[in-house]
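Here is the structure we will look at, set down as structure tokens.
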Amino acid sequence: MKLDPKKHAWLNAKPARRIFDALPDDSARYVGGCVRNALLGAPVADYDIATTVLPEDVASALKANKISVHETGIAHGTLTAVADNTVFEITTLRRDVTTDGRRATVEFSKDWTEDAFRRDFTVNALYADPQGKIFDPTGQGVEDIKTRRIRFVDDPVQRIQEDYLRILRFFRFYAWYGDGKAMDKPALTACRDLKDGLNQLSVERIWSETKKLLAAPSPHRTVNAMLINGILEKLLPEASNAEGLQRLIDVERMTDLTPDPYLRLMSMAARDEFAMAGLTRRLKMANVEKTRLLGWAGDRAALKPGLSDKDLKIEIFKAGRQVAMDRSVLRAAGADDPIIKKQWLAVFDTAREWDWPEFPLSGKDLIEAGVPKGTSMGKALAALEALWIRSGFTADKTRLIAALALIHRA
């Protein structure tokens, strides 16, 4: 198997040539995801290069050729190089001396086979030169690409014990590239037997891998396998409803919705504000993630099909566009009756497409109308906004200012 440089122009593009030309002949090869994805026909976004050259010598050679170098992981032999605005991760071949399930102490090597056999999966232990020639030191990677088989390099137990994150990576890679084929039994058994090692991982790493898994086109089969093997409950006790995920994926296919890992997480959870708060806190989610998930879990807007257009938009406004969209599409996914499902999808369409209204007043307008700054202004603005909402967003600035006199009189 060989990659065609004409089809995969990144192999020998100008930025890549600058990197390879700066290093000794035959000392560097592409490795991992870019090779794997190219062979699978998937998009290539990241460029990883492996080399027999020591990190400090890589840095010197690149700098001498006016290539920007950042020592992002030099203790483990990794440098980030930027050539013509293209980013390359360059790592010296290595062997693991000691591992503790999270980190490894490494020694640098010049042995391509040794480097390949310390990697996680056979499909990630493939190398390619700039001309597209494939190197498969494990003797299994190319065949596993063809059959969409995700399996560990050599002994799955040993690979997992070196880094327990590989349990999640196994399921993530299967979700993206397994193509519905049967899961590799030794790999699945090792993941199940060693799942307690997940306790050693940071919650940030767990959440990062989970998001990537949930972003796969159709991860239901993977999530169900995690549930059956006791892994999902261990990771996401608040969100382990695999059936809810399948229902959402069915709706995504009906409506051409883009896979959304946050919405998919909601589909696996109860709309319980307390439980969701615990989940977002435990996984140390970013504020924007917390806001969306807690907004969905805690919203009390009376959102439902069958409302008049005015009342529906009032409830959508109270919820907020994103929350209204999330709630309605999840209700559609949970509906068995196709008519009710269609009604909830109509609510979703309204929330998504509605030209969001803007409250026509500001504090400046109230000052000009004689309202003093402070508590009274805040109360007046809140009362006027409530009036504007009840009008179905039709009350304009003139009508609201006129209503201000009635509010003061009250």
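The values are calculated or read from the model by the stated rules, or taken from the named source; none is laboratory data. Everything numeric here is computed off the predicted structure, so don't read it as measured data. A quick note on method: Cβ atoms are made from the backbone with ideal geometry, for glycine too, and the neighbour counts reach across all protein chains shown.
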Working only within the range 220-235, note down all residues that are more than 13 Å from Lys195 (Cβ to Cβ) and of a type outside the set (S, T, N, Q).
His220, Arg221, Val223
Is it the case that some residue within the range 208-227 is among the polar types (S, T, N, Q), at pLDDT 95 or above and under 13 Å from the mean Cα position of the chain (by Cα)?
yes
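Considering the range 19-30 alone, what residues qualify as being over 32 Å from the mean Cα position of the chain (by Cα) and not polar (S, T, N, Q)?
First, pick out the residues of the range 19-30 that are over 32 Å from the mean Cα position of the chain (by Cα): 21-27.
Result: Asp21, Ala22, Leu23, Pro24, Asp25, Asp26.
Among the residues of the range 69-92, what is the count of those that are more than 13 Å from Ala50 (Cα to Cα), among the acidic types (Asp, Glu) and touching a residue at least 24 places away in the same chain (Cβ under 8 Å)?
Counting residues in the range 69-92 that are more than 13 Å from Ala50 (Cα to Cα), among the acidic types (Asp, Glu) and touching a residue at least 24 places away in the same chain (Cβ under 8 Å) gives 1.
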Starting from residues that are in a loop (DSSP other than H, G, I, E, B) and under 30 Å from the mean Cα position of the chain (by Cα), keep the ones in the range 305-338 and report whichever is farthest from Asp260 (Cα to Cα).
Asp336
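Evaluate the following for Lys310: is it under 30 Å from Thr398 (Cα atoms) and either touching a His at 6+ places or on another chain (Cβ under 7 Å) or not polar (S, T, N, Q) (or both)? Give the steps one after another, and end with the answer.
Details: under 30 Å from Thr398 (Cα atoms): yes; either touching a His at 6+ places or on another chain (Cβ under 7 Å) or not polar (S, T, N, Q) (or both): yes.
In short, yes.
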Among the residues that make up the range 243-256, is at least one of them touching a residue at least 24 places away in the same chain (Cβ under 8 Å), in contact with a Phe, Trp or Tyr (Cβ under 6 Å, 6 or more places away or on another chain) and of a type in the set (Asp, Glu)?
no
Of the conditions (1) closer than 18 Å to Pro24 by Cα; (2) under 26 Å from the mean Cα position of the chain (by Cα); (3) not acidic (Asp, Glu), the single one that Arg119 does not satisfy is (1)
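Of all the helices (runs of 4 or more DSSP H) wholly in the range 113-231, which have at least 3 residues that are in the same structural domain as Gly32 (by TED's automatic domain parsing) and out of contact with any Cys (no Cβ under 7 Å at 6 or more places or on another chain)? Can you show your working first?
Numbers: elements: 141-147, 156-162, 165-177, 185-193, 203-214, 220-228.
Counting at least 3 such residues, we get 141-147.
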Being in contact with a Gly (Cβ under 6 Å, 6 or more places away or on another chain) and either within 15 Å of Leu40 (Cβ to Cβ) or among the β-branched types (Val, Ile, Thr) (or both) is the filter; apply it to the range 143-173 and report the residue that is surrounded by the most Cβ atoms within 10 Å (Cβ to Cβ).
Ile150
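The rows are residues; the columns are (1) outside the structural domain of Arg17 (by TED's automatic domain parsing); (2) of a type in the set (Asp, Glu); (3) surrounded by 15 or more Cβ atoms within 10 Å (Cβ to Cβ); (4) more than 23 Å from Gly132 (Cα to Cα).
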position	(1), (2), (3), (4)
Val44	no, no, yes, no
Asp48	no, yes, yes, no
Ala64	no, no, no, yes
Ile67	no, no, yes, yes
Glu71	no, yes, no, yes
Ala75	no, no, no, yes
Thr99	no, no, yes, yes
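Given the options Lys6, Lys2, name the one that is farther than 22 Å from Thr113 by Cα, surrounded by fewer than 19 Cβ atoms within 10 Å (Cβ to Cβ) and more than 30 Å from the chain's Cα centre (by Cα). Break it down into steps so the answer makes sense when it comes.
Details: Lys2 fails: farther than 22 Å from Thr113 by Cα.
That would be Lys6, the only listed residue that is farther than 22 Å from Thr113 by Cα, surrounded by fewer than 19 Cβ atoms within 10 Å (Cβ to Cβ) and more than 30 Å from the chain's Cα centre (by Cα).
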Conditions first: (1) in contact (Cβ under 8 Å) with a residue 60 or more places away in the chain; (2) touching a helix residue (DSSP H, G or I) at 6+ places or on another chain (Cβ under 6 Å); (3) in a strand (DSSP E or B). Arg95 passes all but one, so which condition is the exception?
(1)
Exactly one of Thr291, Thr280 is under 22 Å from the mean Cα position of the chain (by Cα), surrounded by 19 or more Cβ atoms within 10 Å (Cβ to Cβ) and without any contact (Cβ under 8 Å) to a residue 24 or more places away in the chain, and that one is Thr280
Has the range 255-264 got any residue that is farther than 21 Å from Phe348 by Cβ, within 18 Å of the chain's Cα centre (by Cα) and of a type in the set (D, E, K, R)?
no
Restricting to the range 360-405, and then to whatever is within 43 Å of the chain's Cα centre (by Cα) and acidic (Asp, Glu), can you tell me which residue is surrounded by the most Cβ atoms within 10 Å (Cβ to Cβ)?
Glu385
Exactly one of these conditions fails for Phe274: (1) among the hydrophobic types (A, V, I, L, M, F, W, C); (2) loosely packed, with under 15 Cβ neighbours inside 10 Å; (3) in contact (Cβ under 8 Å) with a residue 12 or more places away in the chain. Give me its number.
(3)
Taking Ala116 as meeting all but one of (1) touching a Phe, Trp or Tyr at 6+ places or on another chain (Cβ under 8 Å); (2) among the small types (Gly, Ala, Ser); (3) farther than 22 Å from Ile145 by Cβ, write down the number of the exception.
(3)
Any hit, the range 21-42, residues being part of a loop (DSSP other than H, G, I, E, B), of a type in the set (A, V, I, L, M) and surrounded by 18 or more Cβ atoms within 10 Å (Cβ to Cβ)
yes
